[in-house]
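J.: Here you go, one structure.
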Amino acid sequence: MTQVHGNTAPDTAARGDRTGLARLIGAGLILVGVVLLGLGAYLGPVRYATSTPGKLTVETCTVDYKYRSSSSSSRKKTKTRWCYGTFTADNGSARDLNAELKSDALYQKGHVLDARRSGDTNYQLDRGWLYAIALGCAWGFGALIALATGVFVAVTGFPYGEGESQRLFRTCMVLVGVGVLGLAISLLVSFFA
C-alpha cells in the first residue's frame with residue numbers, strides 16, 4: 001500500500017493568518033486596557049481633586065423619563081433626577097445661578113446639597129474621596145481584565161496558536177480573577193460610599 005503525502009503548506013499558511021489576527025485582537029485588548037486605565041484615573045481621583053467643592057441650593061428638582069427599547073418587544077423606562085439651583089464655591093471663588101446636577105433624590109426648594117464643580121457647567125454630587133477612589137479602582141480593575149486577556153492572546157495567538165505557555169495562562173487567569181474580584185469590591189464600595 002502506498003501513502004500519498006499531500007502539501008501541508010496551505011493549512012500552515014491559514015493557521016498563520018489566524019494567529020496573526022488573534023495577536024492583532026490581543027493588541028487591541030491591550031489598547032482598550034490602557035484607555036480604561038486612563039479613564040479610571042481621570043473620572044475617579046483626578047477629577048475629584050481638580051474640582052471645586054461647594055454647595056448647591058436647590059430651586060427645583062425634576063424627573064426626566066426616557067424610553068429605551070430592549071431586545072424584546074417591551075420598552076423599558078429610565079428615570080433620571082435633576083436638581084437646579086445656585087452653586088456657591090466653599091472658598092467663594094465661583095457662583096453660578098443656573099447650576100444643574102444629576103441627583104440621587106428629589107429635594108425641596110431651599111435644600112442645600114454638597115456638590116463639586118468639575119468644569120464650567122459640569123456639576124456632580126460630592127460623595128467624597130472614598131467614592132472617587134473606588135470609582136477609579138473599578139475602572140482600573142476592568143482594565144486589568146482587558147490587559148491580562150490581551151497579553152495572553154497577543155503572546156500566544158490564542159485560540160489558533162500552538163504551544164501556549166501554561167505558566168502564562170495561569171498568570172493571566174489569576175490576573176483576570178483579581179480583576180473580577182477587585183471590580184466587584186470597588187463597585188460595592190462606590191455603591192455604599
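J.: Considering each of Ala184, Ala132 in turn, give the residue that is assigned to a helix (DSSP H, G or I), free of Cβ contacts under 8 Å to residues at least 24 places away in the same chain and among the aliphatic types (A, V, I, L, M).
T.: Numbers: Ala132 fails: free of Cβ contacts under 8 Å to residues at least 24 places away in the same chain.
Result of the check over Ala184, Ala132: Ala184.
J.: Is one or more of the residues making up the stretch 79-95 of a type in the set (Gly, Ala, Ser), in contact with a Lys or Arg (Cβ under 8 Å, 6 or more places away or on another chain) and at pLDDT below 90?
T.: Step one: of the stretch 79-95, the residues of a type in the set (Gly, Ala, Ser) are 85, 89, 92-94.
With in contact with a Lys or Arg (Cβ under 8 Å, 6 or more places away or on another chain) added as a condition, the list becomes 89, 94.
Pick out the ones that are also at pLDDT below 90 and you get 94.
Checked the stretch 79-95: at least one residue is of a type in the set (Gly, Ala, Ser), in contact with a Lys or Arg (Cβ under 8 Å, 6 or more places away or on another chain) and at pLDDT below 90.
J.: Now for a separate question. Pick from Ala22, Ala41, Ala13: which is of a type in the set (A, V, I, L, M), modelled with pLDDT of 90 or more and open to solvent by less than 70 Å² (accessible area, probe 1.4 Å)?
T.: Working: Ala22 fails: modelled with pLDDT of 90 or more; Ala13 fails: modelled with pLDDT of 90 or more.
None of the other options fit; the residue is Ala41.
J.: For Gly182, all conditions in the list (1) open to solvent by 20 Å² or more (accessible area, probe 1.4 Å); (2) under 24 Å from Gly26 (Cα atoms); (3) at pLDDT 90 or above hold save one; what is the number of the exception?
T.: The number of the failed condition is (1).
J.: Restricting the first residue to the stretch 18-44 and requiring it to be within 20 Å of Gly136 (Cβ to Cβ) and among the aromatic types (Phe, Trp, Tyr), which pairs with a second residue that is open to solvent by less than 50 Å² (accessible area, probe 1.4 Å) and part of a helix (DSSP H, G or I) meet a Cβ separation below 9 Å and a spacing of at least six or different chains?
T.: From the stretch 18-44, the pairs are Tyr42/Gly136.
The values are calculated or read from the model by the stated rules, or taken from the named source; none is laboratory data. Since the model is a prediction, treat every value here as computed from it, not as a measurement. Note: ideal-geometry Cβ built from the backbone for every residue, glycine included; neighbour counts use all protein chains shown. To get the accessible areas, we keep the full protein, side chains included, count just its heavy atoms, and leave off ligands, DNA and RNA. Shrake-Rupley method; radii C 1.70, N 1.55, O 1.52, S 1.80 Å.
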